[in-house]
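Below: the structure, in structure tokens.
The values are calculated or read from the model by the stated rules, or taken from the named source; none is laboratory data. These numbers come from a predicted model, not from an experiment. Cβ atoms come from the backbone with ideal geometry, glycine included; neighbour counts cover every protein chain shown. For accessibility, only protein heavy atoms count, side chains too; no ligands or nucleic acids. Shrake-Rupley method; radii C 1.70, N 1.55, O 1.52, S 1.80 Å.
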Amino acid sequence: MLTDAQCRAAKPREGIYRLNDYKGLYLEIKPNGIKAWRYRFKLNDKASWFALGDYPSVTLGEAREKCNAARKLVKEGINPVQNRQIERIKREQDSANTFESVAKEWLALKDWEEVTKKRRLDMLERVVFPSIGKLPVRQITPAHVLDILNKTVKRGAPTVAAEAKRSMSGVFEHAVATLRADTDPVWPVRKALPPNKTQHKRALSAEEVGQLLSDFDGHGGNFQTIKAFQLMWLTLSRPNESVQAEWAEFDLDKALWTIPARRMKARREHVVPLPTQAVELLKTMHPITGHTKFVFPNRDDRQRPMADAALRQALKKLGWATKYSPHGTRTTGSTRLNEMGYRSDAIEAQLAHAEPNSVRRTYNHATYLDERRVMMQDWAENLESWKVAAQERN
């Protein structure tokens, strides 16, 4: 076996020569003075050699370690030369498959509204990408994930941390499914943080609803923001369904609003009976925005709908943000309509809550539409009377 002194003392000659060490390991001395470690092996009766690096950058001890690793591969029937090529390709692929690139690919595959995808991407860009966006997805560890979650919670955003955790897990599941990662590093730390309990705001009383509607009408804000808010209350639709409403969805002669499946949370078409107040609201809006696609177009880009954030901003300005959120409209509507004596089936149908039985769902649609017409007209009349009462109190 070679000694380090022999390796250092070896001088170049006119031709290449070798100093043998042990079980195929040798030091090759070239005429230009380069000393290269080689491992000679035979696989499938074919002789070959494997480069282990140059001396003295790779010491004698390191060369023996590398040789032992290569020797184990040969015993398993693996060619170390080919294995190195495969590992290099994998490293190159891993460096190209960063968390950010895989996350954007994952988002593109989601059957979500564009506004939802944009909101999720905004969160990833703010919370996740600065820490792990440029890292190969295969190299991200549970420690990386936990650091992101801890920092987000410490700055007082537990809801954002919960959304980041779900999103990261979705990205890693996609990476595993496409053979670009081996595991989901979110899983080991999924319970490291206390569960995020969503604080659902209570249903508003009739007096509070009247005061809210009165305050919103008189706050002097954008005209179409006020009208979008009113349409949401008059129909008990979701905030995004209201602000993204398209003129093509309405039949004002029949007083019907047909929201297509692509815009519904349950991905099923939803028919909404319009009370006369809603029809009048839309007729008021038509001369203003009827030439555009959206009933409530974006102020800066008329080819896009208004963002539902406009409703939240108005509520914050009015001081209602801590007591009510736009999503709470439906909770209030359900509570008050039940108190008014309407059947829960009709209320659930109006709110487009999923009915798992397809036959019953079709029956509900056919049976409850006339009942819902009466119910929503009664609801609109109550909203009006509650608002007038609030104005008289003020």
*Compute the long axis of helix 60-75 from its Cα atoms, compare it with the longest principal axis of the Cα atoms of the chain, and write down the angle in degrees, 0 to 90, nearest 10.*
70 degrees
*In sequence order, calculated HN-Hα J values of segment 286-295 (Karplus, 6.51, -1.76, 1.60; Hz; x Gly/Pro)*: 4, x, 8, 10, x, 7, 9, 6, 9, 5
_Can you compute 3J(HN,Hα) from phi for each residue in segment 19-29, using the Karplus curve 6.51 cos²θ - 1.76 cosθ + 1.60 with θ = phi - 60°, rounded to whole Hz and x for Gly and Pro?_
10, 6, 10, 7, 6, x, 7, 8, 10, 9, 9
_Which residue fluctuates most in the GNM of the chain (Cα springs below 10 Å): GLN82, GLN350, GLN277?_
GLN82
_Taking a ≥ b ≥ c as the square roots of the Cα gyration tensor eigenvalues, with a/c under 1.5 meaning rounded and otherwise prolate when a/b beats b/c, else oblate, which class fits segment 88-170?_
oblate
*Report, by chain and number, residues whose modeled amide H sits under 5 Å from the one on TRP37, excluding near sequence neighbours (fewer than 5 apart, same chain).*
GLU28, LEU52, GLY53, ASP54, TYR55
*Give the angle, between 0 and 90 degrees and rounded to the nearest 10, that separates the Cα long axis of helix 328-339 from the longest principal axis of the Cα atoms of the chain.*
40 degrees
*Only one of the listed values, (1) 20, 36, 21, 13, 9, 0; (2) 27, 48, 23, 1; (3) 29, 60, 11, 0, was derived from the coordinates as P(r) over Cα pairs in 20 Å bins from 0, in percent; which label is it?*
(1)
*Added length on full extension, which subtracts the Cα-Cα distance from 0.36 nm per residue, LEU121 to LYS134*: 3.2 nm
*Net charge near LYS23, counting Lys/Arg +1 and Asp/Glu -1 over other residues with Cβ under 11 Å of its Cβ?*
+2
*So what's the back-of-envelope 222 nm ellipticity for the chain, counting only DSSP H runs of four-plus at -39500 (n - 2.57) apiece and dividing by all residues, rounded to 500?*
-16500 deg cm²/dmol
*Give me the angle, in degrees from 0 to 90, between the Cα long axis of helix 80-96 and the longest principal axis of the Cα atoms of the chain, rounded to the nearest 10.*
30 degrees
_Protein accessible area in the chain, 1.4 Å probe - carbon and sulfur %_ = 51 percent
*Solvent-accessible area per residue for the chain at a 1.4 Å probe radius, Å²?*
55 Å²
*Computed magnitude of the charge dipole of the chain (debye, nearest 20; Cβ of K, R +1, Cβ of D, E -1)*: 2340 debye
